[in-house]
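The values are calculated or read from the model by the stated rules, or taken from the named source; none is laboratory data. Everything numeric in this text was worked out from a predicted model, so none of it was measured. Using ideal geometry, Cβ is built from the backbone for each residue, glycine included, and neighbour counts are taken over all protein chains shown. To get the accessible areas, we keep the full protein, side chains included, count just its heavy atoms, and leave off ligands, DNA and RNA. Shrake-Rupley method; radii C 1.70, N 1.55, O 1.52, S 1.80 Å.
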Amino acid sequence: MSLLDLSEQEILRRESLKELRAMGIDPYPAAEYVVTDYSQNIRDEFKDDAPRKEVSIAGRLMGRRVMGKASFAEIQDSKGRIQIYIARDELCTGENKDLYNVVFKRLLDIGDFIGVKGYVFRTQMGEISVHVSELKLLCKSLKPLPIVKYKDGVAYDKFEDPELRYRQRYVDLIVNDGVKETFLKRSKIFRVMRDFFDHNGYTEVETPILQPIPGGASARPFITHHNTLDVDLYLRIACELYLKRLIVGGFEGVYEFSKNFRNEGMDRTHNPEFTCMELYVQYKDYKWMMNYTEQLLEKIATEVNGTTKVKVGDNEIDFKAPYKRITMLDAIKEKTGYDLTDKSEEEIRQVCKDLKMEAIDNTFGKGKMIDEIFGEFCEGTYIQPTFITDYPIEMSPLTKKHRDNDKLTERFELMVNGKELANAYSELNDPLDQEGRFQDQLRLSEKGDDEAMFIDQDFLRALQYGMPPVSGIGIGMDRLVMLMTGQTTIQEVLFFPQMRPEKMAPKDSDSKFLELGVPNEWIPLLRKAGYNLLADMKEVNPQKLQMDICGVNKKFKLGLTNPKVEEVTDWISKIG
RNA sequence: GACUCAGUAGCUCAGCUGGUAGAGCAACAGACUCUUAAUCUGUGGGUCCAGGGUUCGAUCCCCUGCUGGGUCACCA
């Protein structure tokens, strides 16, 4: 990288780096720096009347208030921030005051990592601080951080451009309050769930992400290719069919936190890769699973937030069990006034027309139309956790027929804040019924439904050996984290949400410039002046080009001997 | 994919129905031994997203593109 690609502040930091080395200070020391305390516990444990406590802490320098021979600074460690106080004559007890005057005041910058030793005290203004007696540079930072200042909980000059925050999440985590907390909660939610399932004797497992047949859900998959086998493989859209194979194999219960991939749209509730937790427990049914889910969610909310209530946007959601339960047809009746019970496909098509639903076309079967009506008129209205039960059979090819009505299935979805959070079944374990349902999906696919499921013959073979009665559930983890942390976009709960790749401006290589006879040291100046491609130089007046690059030479005080116009003309003449 | 808004200093943002740019913080130089958005004095820092067009002249007006946000559509 050329100096010309750097900002003024970056150049200064690199010069400071050199100066530190010249002073014999290693800006990137290898040795362990022993830390005895953290910002948080120092504040929590401080007592004004206790004897002085010596501490050794380390962190990133995040602010400096220099007042001549004494200074205050902020250190940010993994737990938070703490103020340090540095008095020149206590840091530098001898004649040489360079560590304070030169290193601390001039060569250190916001963003550098330092380690300090000293004692804890309370300042006249009442802030618990560390009185520094030793200071050591642990890592020099070469890029200036955005400066966000806080006063009374209000952020000033907040770093909030979503594009920059997501592309450079590391910066977001450093400077913006609350970002790390969201991800700590995310981690805790996973931990609480693992504890809950493990306590019940269920086993965490891992199943293939590269699948020959993308089963277990309806979605467009990502396709990849395995060279040795010379076969196309799919990134999984769900892990359901593999987990059921394990129930066939004799596990009491299995669960997986599964990264799934769906090649579909992106918005505030969808990311192409997302995390789903799936759990399957033998001998249970979907009614048991509703009770179990209520307990689980209540526990998560309590452990993560200390209360069952959480505020999301304008809504306050209460995860206290039990939750309302209503069948899908009752929900539609309640919200639209139409009772679809025992209605024929044609009658339902007419209802769709009456409801002015334009998206419906002739490829839609009965089940899909019912699902559309629900999605349009009901789904968004369930803010508090609500179980929607007994889905039409056409939409649920992996679900057992309802024990009282063979047009329906034993399925529920849990709606929270107007969105689906979980989806669960009494799992279909009749191998012949399952085969028939797959055949139905195949027909839908032939009719033009590009989301219909593929047939997985090995899964059918497993079912033929016998799968005990089992209930399974899938929970959208990203949405769960959004709910538990009060976030309204999925990007806020994913460290690195999917973005378009950053594009670099096209550049011709150095060798191409050298071929024209451009001296090596002048190439960066051409780039700085905006000539990244030979083509950029081709049409330009040699006089202007010469002036442009000589201007850069002068402006940045590079001290190069300027080329003559004839030389520049010669370069341009060689462009093919 | 459609519509819409935005892109100006390291960060947050100003910029008058067109005359090549300003503030605060950050940086640099200086003052200051209990400050805390420290303060005070001074200084530097910009391909105004990119490329076309209109114009004597474009950060500003028009077109195209890129990137992001929002809404809708599609989709768990």
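Observations on the model:
- The one condition from (1) within 23 Å of the chain's Cα centre (by Cα); (2) more than 16 Å from RNA strand B (Cβ to nearest atom); (3) over 30 Å from residue A:155 (Cβ atoms); (4) not acidic (Asp, Glu) that residue A:220 does not meet is (2).
- Scanning the stretch A:241-273 for residues that are open to solvent by less than 40 Å² (accessible area, probe 1.4 Å) and near RNA strand B (Cβ under 9 Å from one of its atoms) yields a total of 2.
- Selection status of residue A:333, more than 16 Å from RNA strand B (Cβ to nearest atom) and modelled with pLDDT under 95: yes
- Scanning the stretch A:399-416 for residues that are touching a Ser or Thr at 6+ places or on another chain (Cβ under 9 Å) and not in a strand (DSSP E or B) yields A:400, A:403, A:410.
- Residue in the stretch A:434-442 that is of a type outside the set (S, T, N, Q), open to solvent by less than 60 Å² (accessible area, probe 1.4 Å) and either assigned to a loop (DSSP other than H, G, I, E, B) or more than 25 Å from residue A:277 (Cα to Cα) (or both) present: yes
- Hits in the stretch A:93-119 (condition: open to solvent by 10 Å² or more (accessible area, probe 1.4 Å) and among the β-branched types (Val, Ile, Thr)): A:93, A:102, A:110
- Leading residue by the ranking (farthest from residue A:31 (Cα to Cα)) among those in the stretch A:123-153 that are without any contact (Cβ under 8 Å) to a residue 60 or more places away in the chain and among the small types (Gly, Ala, Ser): A:153
- Matching residues, the stretch A:473-527, being hydroxyl-bearing (Ser, Thr, Tyr), within 11 Å of RNA strand B (Cβ to nearest atom) and either open to solvent by 30 Å² or more (accessible area, probe 1.4 Å) or touching a His at 6+ places or on another chain (Cβ under 8 Å) (or both): A:488
- For the stretch A:147-175, the candidate set comprises residues that are open to solvent by less than 40 Å² (accessible area, probe 1.4 Å), near RNA strand B (Cβ under 9 Å from one of its atoms) and out of contact with any strand residue (DSSP E or B) (no Cβ under 6 Å at 6 or more places or on another chain); within that set, the residue that is nearest to residue A:42 (Cα to Cα) is A:175.
- Close pairs (9 angstrom Cβ cut-off, 6 or more residues apart or separate chains): free of Cβ contacts under 8 Å to residues at least 40 places away in the same chain and over 13 Å from residue A:459 (Cβ atoms) in the stretch A:417-437, assigned to a loop (DSSP other than H, G, I, E, B) and within 15 Å of RNA strand B (Cβ to nearest atom) anywhere: A:418/A:382
- For the stretch A:42-77, residues that are within 21 Å of residue A:153 (Cβ to Cβ), touching a residue at least 12 places away in the same chain (Cβ under 8 Å) and open to solvent by 70 Å² or more (accessible area, probe 1.4 Å) total 1.
- Residue count, the stretch A:41-84 (criterion: of a type in the set (Gly, Ala, Ser), away from RNA strand B (no atom under 14 Å from the Cβ) and not in a loop (DSSP other than H, G, I, E, B)): 3
- Enumeration of residues in the stretch A:189-207 that are out of contact with any Cys (no Cβ under 8 Å at 6 or more places or on another chain) and within 27 Å of residue A:453 (Cα to Cα): A:204, A:205, A:206
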